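Structure, as structure tokens:
The values are calculated or read from the model by the stated rules, or taken from the named source; none is laboratory data. Worth saying up front: this structure is predicted, and the values here are computed from it rather than measured. Note: ideal-geometry Cβ built from the backbone for every residue, glycine included; neighbour counts use all protein chains shown. Side chains are part of the model used for accessible areas, which takes the heavy atoms of the whole protein and leaves out ligands, DNA and RNA. Shrake-Rupley method; radii C 1.70, N 1.55, O 1.52, S 1.80 Å.
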Amino acid sequence: MFQMGTYTKIFLQFNNTFWPAETQFLLYASPTTRGYYPVWQSLSTTGFLPGSNILFVTVVDQESYRVEMQSDEKTKDEVMAVLREMFPDVDIPEPMDFLYPRWSTEPWAYGSYSNWPPSTTLQMHENLRANMGRLWFAGEATSAGYFGFLHGAWFEGREAGQRVAESLKLNCSASSEAACGDRRHYEVLHGVTPLAEYNVVNGWPGSSFE
């Protein structure tokens, strides 16, 4: 049931910052196509990479899949057409550099981040992250609280590492699963997860019900 979402950042570097230097975000609303290069962010602003003349635009969902299947040149032409529409009174040069990832086509990823579809329960997620004996799993997908984010992967990697270290320390080959701190696995799934099970042990670091 779990899905992979896609989120594409398209980076352009120019020989000057032709957009307002103090502006971090710019928005574009296509008159014909929803989600067509809508959100732009400047990295030339204070706190990022001042003077870098780098601008990037983000696309998601179907637009991500579309641009990740086409050539750099076609995407660059589309992006530059939008920029020139946004700044009609500016003579915008071609970018010095142009780059974007294609996460949806990477055979080891097929997407940018994991996504819980509607009606997913915490118990289903627990079965996804549960260890299989000596094999443990970690990554943003196994984080209940922060799936889809880098810090979710960091927290889960640290937690799995601690459990493996604990198992080695206790010589778990001769110990019970409970003593070795195995992650919970539900043989029988229920329609909803009881509120009491939304806790740190089950990968839920905080309360969503306060």
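Taking only the alpha carbons of the chain, we obtain Rg and Dmax values of 22.5, 74 Å in that order. For the stretch 1-108, the set of trypsin sites (Lys or Arg not before Pro) satisfying both a DSSP loop assignment and a count of at most 11 other C-beta atoms within 10 Å is given as R34. Estimated from the Cβ-Cβ distance and a Förster radius of 41 angstrom, the FRET efficiency linking L170 and Q3 is about 0.65. For the stretch 81-90, putting each phi into the Karplus relation 6.51 cos²θ - 1.76 cosθ + 1.60 with θ = phi - 60° gives couplings of 5, 5, 4, 6, 6, 5, 10, x, 9, 10 Hz, in residue order, rounded to whole numbers and with x for Gly and Pro. Taking amide H as placed 1.01 Å from N in the peptide plane, the amide H of Y113 sits under 5 Å from that of G5, each at least 5 places away or on another chain.
Counting only protein heavy atoms and a 1.4 Å probe, the stretch 80-125 has 57 square angstrom of accessible area per residue. With a simple spin-label model that places each label point 7 Å from the Cα along the Cα-to-Cβ direction, the separation between N127 and T32 comes to 4.6 nm. Remark on the stretch 64-129: Rg and Dmax equal 18.5, 56 Å (Cα only).
Could you work out the percent of alpha carbon pairs in the stretch 93-132 separated by over 12 Å, rounded to a whole number?
I get 73 percent for the Cα pairs in the stretch 93-132 exceeding 12 Å.
Extension gain for the segment E73 to A21, taken as residue separation times 0.36 nm less the Cα-Cα distance, is 16.0 nm to one decimal.
For the stretch 23-39, putting each phi into the Karplus relation 6.51 cos²θ - 1.76 cosθ + 1.60 with θ = phi - 60° gives couplings of 8, 8, 10, 10, 10, 10, 10, 5, x, 10, 10, 5, x, 8, 6, x, 10 Hz, in residue order, rounded to whole numbers and with x for Gly and Pro.
One chain, two ends: F149 and Q162. Fully extended at 0.36 nm per residue, the span grows by 2.6 nm beyond their Cα-Cα distance.
Where the alpha-carbon atoms of the stretch 36-89 are placed on the principal axes, they occupy 33, 26, 18 Å, in descending order.
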